[in-house]
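Take a look at the structure below.
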Amino acid sequence: MEGDSGSRLAEDRTLESPNEAALLALMEKTGYSMVQENGQRKFGGPPPDWEGSPPPRGCEVFVGKIPRDMYEDELVPVFERAGRIYEFRLMMEFSGENRGYAFVMYTTREAALKAIHLLDNHEIRPGKFIGVCVSLDNCRLFIGSIPKDRRKEDILEEMTKVTDGVVDVIVYPSATDKSKNRGFAFVEYESHKAAAMARRKLIPGTFQLWGHTIQVDWAEPEKDVDEETMLRVRVLYVRNLMITTTEDTLRQEFSRFKPGAVERVKKLTDYAFVHYHSRDDAVTALRLMNGALIDGAVIEVTLAKPVSKEGGRRFGNRGYISSSSNVTDPYGDGSSSCFLHQGCEEEEIMGGGGTGTPLRITTQPSRLGSLYLGTGTGNVERCVYPFLSGASLFPVSLLALKPGQLSSAVTLLEYYCCKNSWSFPEYYLHSTPGQDGKLLLIYKVVISTTRSCFMPDKLCTVLEDAKELAAQNALWNLDCSFLGCSSPGSVSPPPPLSNGT
């Protein structure tokens, strides 16, 4: 089925497929070439009489849930309804069936957007619906386990030596020590191909930088937001803050040029969202505050990228974003804080995406108000019953329980991870000596699936208290990050525990 790499189907008579004649007829009719290489079949790229560079970023869409026995002769005419196709890439199995997905690059972004609106959830065959969403060429790699004392220039120099096509290196300073990095970096390449070749070279896990075996993976692609939407955003994303910087300080600094301009501020670890009453004030603050010094830290300020009301969809190994996500207020006009952001502490773990946004947005549980306030599980009656001899026991999943049956934040965090198909939380214990000589404990919580890392701002003397506090803090941060808060004070952070803090 594969034939020689890059061989033209019209010349490769080894193709044994019932639709061979239909494919040849399609090529004859359109004038496009078709080649088979590396498990995919390319139709076009470029089309006949094309001059100049390939279409810019944003012109390609991803198509999922394609019937396995459907090929270009049926698919191309459907996607031509949206506009002129530059290249159609159908992923192929050795058996001759397709893999269920394809990439369609149009000659313009407008055609790609039209294809999404026109063909997403289109009934391609009776009872068979395809999904169409924007495809992003990922040119960025995540590099983990980097010595924390290395600067951006050091990492850029080393990566340029060992890989080709390096354009930039993105390094985030530690939340607690701005002179150090967080143990990871993002390396930007000139093309997806260059990034893929670099990943192939570095991925075996034996490559070392400065004597350290590094971790390599794709960075989560940054989601594009259309220009019209961005022109209406009046929320700023502020990064590289000190942990000790307060919301009141941010409100004061960001409204210094115009008292009362700030509507509200929401700070999470070392990043924050600053909401303005007007778009013009947000733009002015962006110009004045980017690069400003607050509490000894040079901050970075950008416009927050809102999550679209329409959401989007991704399929297969690209993850899935539900189009029915309960997302509101993408322009900062209401109470939502649903914004994509870049460079927060959640990215510290291996695989942390460049967007800082979760790899996927799923249906979230209701707000856990009682837990945050430390009131336990509400009105659930807590009783102990005798175990009778001969009673039948049945295996039960954690998901079969109700949140009200879970009185521990540690268990509740596991419950929500299980409910959302995330990996279970991992707890990493740290300590520091207290002023009175006591050993103070704190846990860092890692959820690798969401590429998230959370650490509370309180230390404990009792191990169980430290773990419970860490779980409460993670639940609170996840809730605020994914659901948004109606106001900065609408949900209380985890309170100090009664004993041991």
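The values are calculated or read from the model by the stated rules, or taken from the named source; none is laboratory data. None of the values given here were measured: they were computed from a predicted structure. Reconstructed Cβ throughout: ideal geometry from the backbone, glycine too, with neighbour counts over all protein chains shown. Side chains included, ligands, DNA and RNA excluded: accessible areas come from the protein's heavy atoms. Shrake-Rupley method; radii C 1.70, N 1.55, O 1.52, S 1.80 Å.
Would you check if residue 160 is free of Cβ contacts under 8 Å to residues at least 60 places away in the same chain, of a type in the set (S, T, N, Q), open to solvent by 50 Å² or more (accessible area, probe 1.4 Å) and within 14 Å of residue 188 (Cα to Cα)? It would help to see each step written out before you state the result.
Values: free of Cβ contacts under 8 Å to residues at least 60 places away in the same chain: yes; of a type in the set (S, T, N, Q): yes; open to solvent by 50 Å² or more (accessible area, probe 1.4 Å): yes; within 14 Å of residue 188 (Cα to Cα): yes.
Answer is yes for this residue.
Only residues that are at pLDDT 80 or above, part of a strand (DSSP E or B) and open to solvent by 20 Å² or more (accessible area, probe 1.4 Å) were counted in region 16-47, giving 3.
Tell me the residue from 304, 261 that is buried (at least 18 other Cβ atoms within 10 Å of the Cβ), small (Gly, Ala, Ser), touching a Ser or Thr at 6+ places or on another chain (Cβ under 8 Å) and modelled with pLDDT under 95, please. If you could, list the steps in order and put the result at the bottom.
On the way: 304 fails: touching a Ser or Thr at 6+ places or on another chain (Cβ under 8 Å).
From the options 304, 261, the qualifying one is 261.
Comparison of 104, 166 shows that the only residue that is in contact with a Ser or Thr (Cβ under 9 Å, 6 or more places away or on another chain) and without any contact (Cβ under 8 Å) to a residue 40 or more places away in the chain is 166.
Does region 169-183 include one or more residues that are open to solvent by 70 Å² or more (accessible area, probe 1.4 Å), touching a residue at least 60 places away in the same chain (Cβ under 8 Å) and outside any strand (DSSP E or B)?
We begin by selecting, within region 169-183, every residue open to solvent by 70 Å² or more (accessible area, probe 1.4 Å); these are 176, 179-180.
If we keep only those that are touching a residue at least 60 places away in the same chain (Cβ under 8 Å) as well, we get 176.
From what is left, the residues that are outside any strand (DSSP E or B) are 176.
Yes, there is a match, as at least one residue in region 169-183 is open to solvent by 70 Å² or more (accessible area, probe 1.4 Å), touching a residue at least 60 places away in the same chain (Cβ under 8 Å) and outside any strand (DSSP E or B).
Only one entry in 13, 68, 57 is open to solvent by 20 Å² or more (accessible area, probe 1.4 Å), modelled with pLDDT under 85, part of a loop (DSSP other than H, G, I, E, B) and within 27 Å of residue 131 (Cβ to Cβ), namely 57. When we screen 103, 79, 88, 62 for residues that are of a type outside the set (A, V, I, L, M), touching a strand residue (DSSP E or B) at 6+ places or on another chain (Cβ under 8 Å) and at pLDDT 95 or above, the only hit is 79. Across region 385-417, the qualifying residues are those that are modelled with pLDDT under 80, closer than 24 Å to residue 465 by Cβ and assigned to a helix (DSSP H, G or I), and the one among them that is most open to solvent (accessible area, probe 1.4 Å) is 405. The residue that is modelled with the highest pLDDT, among those in region 133-156 that are closer than 11 Å to residue 60 by Cβ and part of a strand (DSSP E or B), is 133. Among the residues here, residue 227 qualifies as more than 24 Å from residue 450 (Cα to Cα) and modelled with pLDDT under 85. Taken together, the criteria place residue 189 among residues that are aromatic (Phe, Trp, Tyr), at negative phi, open to solvent by less than 20 Å² (accessible area, probe 1.4 Å) and at pLDDT 90 or above. Taken together, 155, 203, 143, 214 contain a single residue that is surrounded by fewer than 18 Cβ atoms within 10 Å (Cβ to Cβ) and touching a residue at least 12 places away in the same chain (Cβ under 8 Å), which is 203. Residues in region 47-59 that are closer than 20 Å to residue 192 by Cβ and either without any contact (Cβ under 8 Å) to a residue 12 or more places away in the chain or in contact with a Phe, Trp or Tyr (Cβ under 6 Å, 6 or more places away or on another chain) (or both): 52, 53, 55, 59.
Can you tell me which residue is modelled with the lowest pLDDT among those in region 431-453 that are within 27 Å of residue 219 (Cβ to Cβ) and open to solvent by less than 30 Å² (accessible area, probe 1.4 Å)?
Residues of region 431-453 within 27 Å of residue 219 (Cβ to Cβ): 443-453.
From what's left, open to solvent by less than 30 Å² (accessible area, probe 1.4 Å): 443, 445-447, 450, 452-453.
On the way: 443: 92, 445: 91, 446: 89, 447: 86, 450: 72, 452: 78, 453: 86.
My answer is 450.
Scanning region 243-284 for residues that are under 20 Å from residue 232 (Cα atoms), under 27 Å from the mean Cα position of the chain (by Cα) and not in a strand (DSSP E or B) returns 279, 282, 283. Considering 69, 49, 73, the condition of being closer than 27 Å to residue 191 by Cβ and charged (D, E, K, R) is satisfied by 49 alone. Here are the criteria: (1) over 21 Å from the mean Cα position of the chain (by Cα); (2) at pLDDT 85 or above; (3) part of a loop (DSSP other than H, G, I, E, B); (4) not basic (Lys, Arg). Tell me which single one residue 160 does not satisfy. Unmet for residue 160, out of (1) over 21 Å from the mean Cα position of the chain (by Cα); (2) at pLDDT 85 or above; (3) part of a loop (DSSP other than H, G, I, E, B); (4) not basic (Lys, Arg): (3). Filtered by the rule that a residue be more than 19 Å from residue 20 (Cβ to Cβ) and assigned to a strand (DSSP E or B), region 100-131 gives 100, 101, 103, 104, 105, 106, 123, 124, 125, 128, 129, 131. Among the residues making up region 83-95, those that are farther than 19 Å from residue 28 by Cβ and open to solvent by 10 Å² or more (accessible area, probe 1.4 Å) are 83, 86, 89, 91, 93, 94, 95.
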